[in-house]
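A.B. asks: I am attaching a structure below and will ask some questions about it afterwards.
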Amino acid sequence: MQQMDLSRNAFSFNLSTAELPEQLVSLDLSHNAIYGGIPVQVVNLTNLQFFNVSYNRLCGAVPTGGNMASFDASSYQ
């Protein structure tokens, strides 16, 4: 799986326990009720070009390194 758009649903799960496919290019989980933290694994997704987890109930620090610096604050709003 390269693209995952689960935005604008009523999903509620702990993102910190999710395992994401290594070949992921685009991930949009915005506008849900997802909680927990962003998994550190995201740093190792070298193909990831789009990342949006805004408008959820996430907490904790945003992982740093990898391509995480290429996503602006609106990705985490």
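The values are calculated or read from the model by the stated rules, or taken from the named source; none is laboratory data. The model shown is predicted, which means the values in this text are computed figures rather than measured ones. Remember, those area values only see protein heavy atoms, side chains included, never the ligands or the DNA or RNA. Shrake-Rupley method; radii C 1.70, N 1.55, O 1.52, S 1.80 Å.
A.B. asks: Taking θ = phi - 60°, what integer Hz values does the Karplus form 6.51 cos²θ - 1.76 cosθ + 1.60 yield along the range 35-50, in sequence order, with x for Gly and Pro?
C.D. replies: 10, x, x, 6, x, 4, 3, 4, 4, 8, 7, 5, 8, 5, 10, 9
A.B. asks: At 10 °C and 1.306 mPa s, what whole-number value in µm²/s does Stokes-Einstein give for the translational diffusion of the chain, with Rh from the Kirkwood sum over Cα pairs?
C.D. replies: 129
A.B. asks: Could you work out what % of the accessible surface of the chain is carbon and sulfur, using a 1.4 angstrom probe and leaving DNA, RNA and ligands out of the count? Before the final figure, lay out the partial values.
C.D. replies: Details: 2290 of 4600 Å².
Exposed carbon and sulfur together represent 50 percent of the surface.
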